[in-house]
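Values quoted throughout were computed directly from the atomic coordinates according to the rules given, and no laboratory measurement underlies them. Not measured: the values here are computed from a predicted model. FYI the Cβ positions are ideal-geometry reconstructions off the backbone, even for glycines, and counts take in every protein chain you see.
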Amino acid sequence: MTLSLERQNAYRAQYQAQHPGWRPSTDVYEELIRQRLRPGMRVLDLGCGRGGVLEQLGDAVSRPIGLDPDPVSLREHRLPHLPRAAAAAEALPIQEGGVDMLTCSWVLEHLADPAVVFGEIRRVLAPGGCFVFLTPNASSLVVLLNRLLRPLQRGLVPRLYGRAEANTFPVRYRANTPSRISALADDAGLRAELIRLVEDPSYLAFSPFLFRLSAALSRVTPPVHLVGVLTRVGP
């Protein structure tokens, strides 16, 4: 019983039809970026992987940069001419104030020392620059189950979601609640402009029955995703 991305997206479309106005967190994330994009902006995608949001934005970003700690992902990036380099989030190879926007999806949950990373984000952002992120909510049912099943995760992820083990990384959830993100932002000199929670019952939808159950649970359990914008405070 595998929940492929295609099947997951079909359940999302069904949920959207049943809940007018709802959109997947990835759509919310992309919209927040597009709302803040301006011509000539230097945009850094932290954890760019093999494509990410820069692939979706295309020509809307005239000065993109991609960073990722995985050299294999960088070699296989679907934008062959993207300026990119292997780097850890704790030590960004970017000069102070070197980017106008920093985008980041599915990275915060992996950080071992988020305070250091948030300090680096603040350092590389130009005055008034923004950090747009998408990450799991540590209080959600999906994350709770992930924690409980962590000893079995290496075998379960390929079996349940059809993803190779090479595409999974250790999760720590040390920057994954609204209050924790706000506190990290304050300490780093960033302002939490927006933090939004987005539900998504598709992650547990391994059958039509489980989809209906997950949709019902989403009304009484914390949403699965956090999407937000932090801006650099001061000069």
The chain: antiparallel bridges as % of DSSP beta bridges, rounded to 5, reads 45 percent
List the GluC sites (Glu not before Pro) within the range 40-118 that fall in a DSSP loop (any state other than H, G, I, E or B) and whose Cβ has at most 10 other Cβ atoms within 10 Å.
-> 96
In nm, the gap between the two label points placed 7 Å beyond Cα toward Cβ at residue 13 and residue 76 is 2.6 nm
Going by the alpha-carbon gyration tensor, a ≥ b ≥ c the square roots of its eigenvalues, is the chain rounded (a/c under 1.5) or, if a/c is not under 1.5, prolate (a/b greater than b/c) versus oblate?
-> prolate
Here the FRET efficiency for residue 193 versus residue 149, based on Cβ atoms and R0 = 45 Å and rounded to 0.05, is 0.85
With springs only between Cα atoms under 10 Å, which of 132, 220, 99 fluctuates most in a Gaussian network model of the chain?
-> 220
Which listed residue (233, 201, 56) has the Cα farthest towards the positive end of the charge dipole for the chain, taking +1 on Lys and Arg C-beta and -1 on Asp and Glu C-beta about the Cα centre?
-> 201
Go ahead and set up a Gaussian network model of the chain, Cα springs under 10 Å, then flag whichever of 118, 133, 211 fluctuates most.
-> 211
Would you look at the GNM of the chain, springs on alpha carbons closer than 10 Å, and say which of 186, 45, 68 moves the most?
-> 186
Value of [θ]222 nm, deg cm²/dmol, for the chain, DSSP H segments ≥ 4, -39500 (n - 2.57) each, nearest 500 | -10500 deg cm²/dmol
Relative contact order %, the chain, counting alpha carbon pairs below 8 Å whose residues are six or more apart | 24 percent
Note, residue 184: beta-carbon cut-off 13 Å, +1 each Lys/Arg, -1 each Asp/Glu, net 0
Sequence order, the range 49-54: Karplus ³J(HN,Hα) from phi using 6.51 cos²θ - 1.76 cosθ + 1.60, θ = phi - 60°, Hz rounded, Gly and Pro as x, gives x, 9, x, x, 5, 4
In sequence order, what are the phi-derived ³J(HN,Hα) couplings for the range 83-90 according to the Karplus relation 6.51 cos²θ - 1.76 cosθ + 1.60 with θ = phi - 60°, rounded to whole Hz, with x for glycine and proline?
-> x, 8, 7, 7, 7, 8, 5, 6
Trypsin sites (Lys or Arg not before Pro) restricted to DSSP loop in the range 193-226 with at most 13 other C-beta within 10 Å | 219
Separation between the residue 182 and residue 87 pseudo-spin-labels, each 7 Å from Cα along Cα→Cβ, expressed in nm?
-> 3.1 nm
